[in-house]
Amino acid sequence: MNAGVGVYNFFKYDPTVIKALNPWNIIEYFERNGKDAWVSLGGVVLCVTGTEALFADVGHFSVRSIQISMSGIVYPALMLAYSGQASFLRLHPDDVTNAFYKAIPGPLYWPMFVVAVLAAIVASQAMISGTFSIIQQSLALGCFPRVSIVHTSATFEGQVYIPEVNYVIMAACVLVTLAFRTTEKIGNAYGIAVVFAETITSTFMILVMLVIWKKNIALAILYICCIMSVELIYLTAVLYKFPYGGYFPVAFACLLLAIMYIWNYVYRKKYYYEVENKVSPESLKEMVSHSNFYRIPGMAIFYSELVHGIPPIFKHYIENIPALQSVVVFASIKSLPITTVPLKERFLFRRVHPRELYVFRCVVRYGYTDAQNEAEPFERLLAERLKEFIRDDFWFHVRNDHITQQAGDIVEIGKELDESTRINEEDLENEIEVIEKASRDGIVHMMGESEVISNKGAGVGKKVVIDFAYSFIKKNLRQTDKALDIPRKRLLKVGMIYEL
């Protein structure tokens, strides 16, 4: 519709504006106006803002479809629409402040008004969806605090909804509108945000070309000269409006960057602390061998982010409460970037030796459409898969024992192997019975509730980041038990202080 109105105005008012496509005109424009021409580029860039919302939908559509729609629909429609407005303004220069609506023919005014409102809604929704996708990727890298992520599509991984972020965006939009009051200041803020995003994208694009795609450096220099140079010129122009509302996106970006840096810094410190202080199998055996240590009926599922090893908070628990369930499973919940994980492949077990401790490691893998809030089925499935693992592990070792025998000795020692296998089968059934009895006696969920503080002698900056900033962020965000939907009636939190 925009393109059609543009073509109509182009032929009706002044078709000679086609001469504006001549690059020499911009040179003459700068010669006539000097600094004012450079400042006006900050307004010119607003002509293309909004089209970048199309690329925010890359999580919803394929790259090829976006490339085709941008090159075949969006760009030609923009050129025709602005050419028509330019033709209209040649004869009606006083209408420059409201050229879009003034240039619309009378019968099409209200249809165009409705389309413009719907387009604004679609563009804003695309930007909001893009924000959700970025937050999701930052969360996967450990660079953003824990939030609830709801996948709205079983086909596209990038189609997500984050309730907390949605409410923050809503509140921010209302506050910005009330604070700025005029579209001029909002336009200044939006222009700086868009051009900064384009410039940062081009910077990373150069790194991708050189490091990942292994392109020739001459191609990267050509990209800088042809594309990035234009973006840098626009960036210098919009920065002129920094004091007039342009400061807001920069300040907001600095706030988000500070939150992400603080969270990632402490997240890495905490993870490295757990890796360096994890409990070895020898230490575990020594702890449970004490005379005052007791095994009680039931199964304990101890949640940890460590895939390998036992977290130090478990040692803290044993030292203070010398009692443990008859079966212990250290579970690590991992989300994979696929639709669903089959039940047979969801649980990956490994035994922690010695065998008589009945301690296991388990990695529980979920796809983004798999439900994690069904407590009873999860417990039942984990117990069933644990018994299958014990059986598979037993027969695997039996086959290895047979294979290692020399071919000439198989007939002579066959009876001994059969007798050994029968005895081992009895041990297997005993292990299965232990697991079943532990499941019947009750399953308790244990979770470490670690508190991090800066160690003695830490600098002022480290104390501010860990003791104040990180603690404030953590207290105001979702807790781990809520994120994993663990049944509260059977949840036991174990507290420990990490000195980082």
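So, with +1 on the Cβ of K and R and -1 on the Cβ of D and E, and no other charges, what is the size of the charge dipole of the range 1-45 about its Cα centre, to the nearest 20 debye?
Charge dipole of the range 1-45: 80 debye, to the nearest 20.
Reachable lysines from LYS285, Cα under 24 Å, same-chain residues fewer than 8 places away excluded?
Those lysines meeting the cut-off are LYS315, LYS387, LYS437, LYS493.
Hey, if you put +1 on the Cβ of every Lys and Arg and -1 on every Asp and Glu Cβ in the chain, which of ILE212, PRO93, THR49 ends up farthest toward the positive end of that dipole?
Of the listed residues, the answer is PRO93.
Just want the answer: with Cβ charges of +1 for Lys and Arg and -1 for Asp and Glu, which residue in PHE61, TYR498, TYR190 is farthest toward the dipole's positive end in the chain?
Result: TYR190.
Would you mind classifying the range 1-114 by shape? Square roots of the alpha carbon gyration tensor eigenvalues, ordered a ≥ b ≥ c; an a/c under 1.5 is rounded, otherwise it is prolate if a/b is larger than b/c and oblate if not.
Taking the square roots of the gyration eigenvalues as a ≥ b ≥ c, the range 1-114 is oblate.
Restricting the count to DSSP beta bridges whose residues both fall in the chain, what percent are antiparallel, rounded to a multiple of 5? Walk me through the numbers before you get to the answer.
Numbers: 9 of 39 bridges.
Here the antiparallel bridges make up roughly 25 percent for the chain.
Once amide H atoms are built 1.01 Å from N in the peptide plane, which residues 5 or more positions from ILE310, or in another chain, come under 5 Å H to H?
HN-HN under 5 Å from ILE310: VAL279.
Could you tell me how many cubic angstrom of Cα convex hull volume the range 47-206 has per residue?
164 Å³
Can you give me the Cα centroid spacing of the range 195-274 and the range 14-31 in angstrom?
The range 195-274 and the range 14-31 have Cα centres separated by 33 Å.
What FRET efficiency comes out for ARG295 versus LEU255 if R0 is 60 angstrom and r is the Cβ-Cβ distance? Round to the nearest 0.05. Provide the component values of the computation, followed by the final result.
On the way: r = 51 Å, r/R0 = 0.84.
After rounding, the FRET efficiency stands at 0.75.
Less than 12 Å Cβ to Cβ from GLU274, Lys/Arg counted +1 and Asp/Glu -1: what total charge do the surrounding residues give?
Taking every other residue near GLU274 into account, the sum is +3.
At q = 0.14, 0.24, 0.26, 0.28 Å⁻¹, what is the base-10 log of I(q)/I(0) for the range 183-229 according to the Debye formula with one equal point scatterer per Cα and no solvent? Please give it to two decimals.
Values, matching the q order: -0.43, -0.80, -0.87, -0.95.
With all pairs of different alpha carbon atoms counted, what Kirkwood hydrodynamic radius in Å does the chain show?
By the Kirkwood definition, the hydrodynamic radius is 28.5 Å.
Does the range 261-370 come out rounded, prolate or oblate, given a ≥ b ≥ c as the square roots of the eigenvalues of its C-alpha gyration tensor, rounded meaning a/c under 1.5 and, failing that, prolate meaning a/b above b/c?
oblate
Checking a compactness column here: for the range 114-266, what do you get for Rg(Cα) / (2.2 N^0.38 Å), N being the number of residues? Don't skip to the end; give the middle numbers.
Details: Rg = 17.9 Å, N = 153, 2.2 N^0.38 = 14.9 Å.
Its radius of gyration relative to the 2.2 N^0.38 Å reference: 1.20.
Based on Cβ point charges of +1 for Lys and Arg and -1 for Asp and Glu, what charge dipole magnitude is obtained for the chain about its Cα centre, in debye rounded to the nearest 20? Spell out each step's value before the answer.
Working: 48 positive and 49 negative charges, 356 e Å.
Here the size comes out at about 1720 debye.
Please give the Cα centre distance for the range 347-372 versus the range 86-152, rounded to the nearest Å.
About 47 Å separates the Cα centre of the range 347-372 from the one of the range 86-152.
Distance in nm between label sites at SER40 and THR236, each 7 Å beyond Cα in the beta-carbon direction?
Here the modelled spin labels are 1.8 nm apart.
Beta carbons within 10 angstrom, averaged per residue: use that to sort the peptides 224-231, 176-183, 428-435, highest first. Walk me through the intermediate numbers first.
Working: 224-231: 13.8, 176-183: 11.8, 428-435: 15.4.
Packing order, densest peptide first, comes out as 428-435, 224-231, 176-183.
What ranking, highest mean first, results for peptides 348-358, 234-244 when packing means the other Cβ atoms within 10 Å averaged over each residue?
Ranked by mean Cβ neighbours within 10 Å, highest first: 234-244, 348-358.
Run the numbers on the chain and let me know its relative contact order in percent, using alpha-carbon pairs under 8 Å that are six or more apart.
14 percent
Multiplying the sequence separation of ILE333 and ASN476 by 0.36 nm and subtracting their Cα-Cα distance, what value in nm do you get?
Numbers: separation 143, 0.36 × 143 = 51.48 nm, distance 2.25 nm.
Between ILE333 and ASN476, full extension yields 49.2 nm more.
Two-decimal Rg/Rh of the range 157-246 from alpha-carbon positions, Kirkwood Rh?
Using Cα coordinates only, the ratio equals 1.12.
What is the spin-label model distance, in nm, from THR183 to VAL168 if the labels are put 7 Å beyond Cα along the C-beta direction?
So the two model labels end up 2.9 nm from each other.
Kindly identify the range 109-193 as rounded, prolate or oblate by the Cα gyration tensor criterion: order the square roots of the eigenvalues as a ≥ b ≥ c, call it rounded if a/c is under 1.5, otherwise compare a/b with b/c, prolate if a/b is larger, else oblate.
oblate
For an R0 of 41 angstrom, estimate the FRET efficiency from the Cβ-Cβ distance between THR131 and GLU356 and round to the nearest 0.05.
0.20
Can you tell me how much longer the chain between PHE30 and VAL363 gets when fully stretched, taken as 0.36 nm per residue apart minus their C-alpha distance, in nm with one decimal?
Between PHE30 and VAL363, full extension yields an extra 113.5 nm.
Rule-based calculations on the coordinates, nothing more; no lab input. Just so you know, these numbers come straight off a predicted model, no measurement behind them. Note that each Cβ is placed from the backbone with ideal geometry, even for glycine, and that neighbours are counted across all protein chains shown.
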